[in-house]
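Structure first, then comments.
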Amino acid sequence: MHECDYCGETHDSERAHLRHLKSAHRDELGPIDRRRVGDVEVDDGGLPTGPLALGVVVLASFAVVGYVVFIAGSGDAGAGAADHGSIADDGEPYDVGAIHTHGTMEATIDGDEIDFEEDSRIGGSDAFHFHRGYADRFGEQIYHIHARGVTLQYALDALGMEVNDDGTVLTFDGETYDDSDADTTVEITVDGQPVEPADHLLEGVGPEDEAAAGEGDSVRIVVEVDD
């Protein structure tokens, strides 16, 4: 199932989800969503009939049952019960679409406060991204996890902030910052504690308001360069 981050509506397929984003939320889409829906045509509103309609109904019924059994029945995601998996050998996420949880992130790079929702330099992926409008609604920049095995290193790389395994070197917008340089400090923390991005599995919570209150992983990146 694919859940719309803007209105909560669910869809059985990725294509149906993208059509919905393009037709219902065109003006709200952030950079990553605009790229995702760019090649999708909006349906004319027609409905399938005959045997095809019956097949659609049957598939939808199975989807609803699967959601109730495996998602709704898996526990309270807001209490941190979602299964975020483990870190794969290649560091890549897996089971994309299996979960949908949230946390917060903020970054200041050489005095530049990054707007993850609006900055054209910020990317994303189906497994990890931001959406426009959440900072205004909740007062925090809220990220979305849609897969298991999402490391902090993968998340930052997806956004366009390439970091090495231990988080001492960060490259963004064509500039590389190395903590070993005498005039440069690179700090990457989760919930106020230093972490090594390659070894940290991001974990979020279901409700966005709980994430804004600090229940999911709260990531902070600070890069300072002395003049």
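The values are calculated or read from the model by the stated rules, or taken from the named source; none is laboratory data. Remember, predicted model here, so these are calculated numbers, not experimental data. Ideal geometry is used to build each Cβ from the backbone, glycine not excepted, and the neighbour counts take in all protein chains shown.
Test Asp191 against the criterion of being over 30 Å from Tyr6 (Cβ atoms) and among the acidic types (Asp, Glu), and give yes or no.
no
When only residues in the range 154-170 that are under 25 Å from Tyr94 (Cα atoms) and in contact with a strand residue (DSSP E or B) (Cβ under 6 Å, 6 or more places away or on another chain) count, which is surrounded by the most Cβ atoms within 10 Å (Cβ to Cβ)?
Out of the qualifying residues, it is Ala155.
Quick check on the range 156-169. Is at least one of its residues under 26 Å from Cys7 (Cα atoms) and touching a helix residue (DSSP H, G or I) at 6+ places or on another chain (Cβ under 6 Å)?
So far as the range 156-169 goes, no, none of its residues is under 26 Å from Cys7 (Cα atoms) and touching a helix residue (DSSP H, G or I) at 6+ places or on another chain (Cβ under 6 Å).
Just to be sure, is Glu113 closer than 19 Å to Ala212 by Cα, free of Cβ contacts under 8 Å to residues at least 12 places away in the same chain, outside the structural domain of Ser13 (by TED's automatic domain parsing) and not polar (S, T, N, Q)?
Yes: the conditions hold for Glu113.
Assigned to a helix (DSSP H, G or I), aromatic (Phe, Trp, Tyr) and either at pLDDT 95 or above or over 15 Å from Thr108 (Cα atoms) (or both): does that describe Tyr177?
The answer is no for Tyr177.
What are the pairs with Cβ atoms under 9 angstrom where one residue, in the range 187-206, is farther than 23 Å from Asp90 by Cα and the other, located anywhere, is part of a helix (DSSP H, G or I)? Sequence gap at least six, or different chains.
Val205/Ala77; Val205/Gly78; Val205/Ala79; Val205/Ala211; Gly206/Ala77; Gly206/Gly78; Gly206/Ala79
Just one of Ala135, Ala127 is in the same structural domain as Ala212 (by TED's automatic domain parsing), surrounded by 16 or more Cβ atoms within 10 Å (Cβ to Cβ) and farther than 27 Å from Ser86 by Cβ; which is it?
That would be Ala135, the only listed residue that is in the same structural domain as Ala212 (by TED's automatic domain parsing), surrounded by 16 or more Cβ atoms within 10 Å (Cβ to Cβ) and farther than 27 Å from Ser86 by Cβ.
Quick check on the range 115-124. Is at least one of its residues modelled with pLDDT of 95 or more, β-branched (Val, Ile, Thr), surrounded by 15 or more Cβ atoms within 10 Å (Cβ to Cβ) and out of contact with any His (no Cβ under 6 Å at 6 or more places or on another chain)?
Checked the range 115-124: at least one residue is modelled with pLDDT of 95 or more, β-branched (Val, Ile, Thr), surrounded by 15 or more Cβ atoms within 10 Å (Cβ to Cβ) and out of contact with any His (no Cβ under 6 Å at 6 or more places or on another chain).
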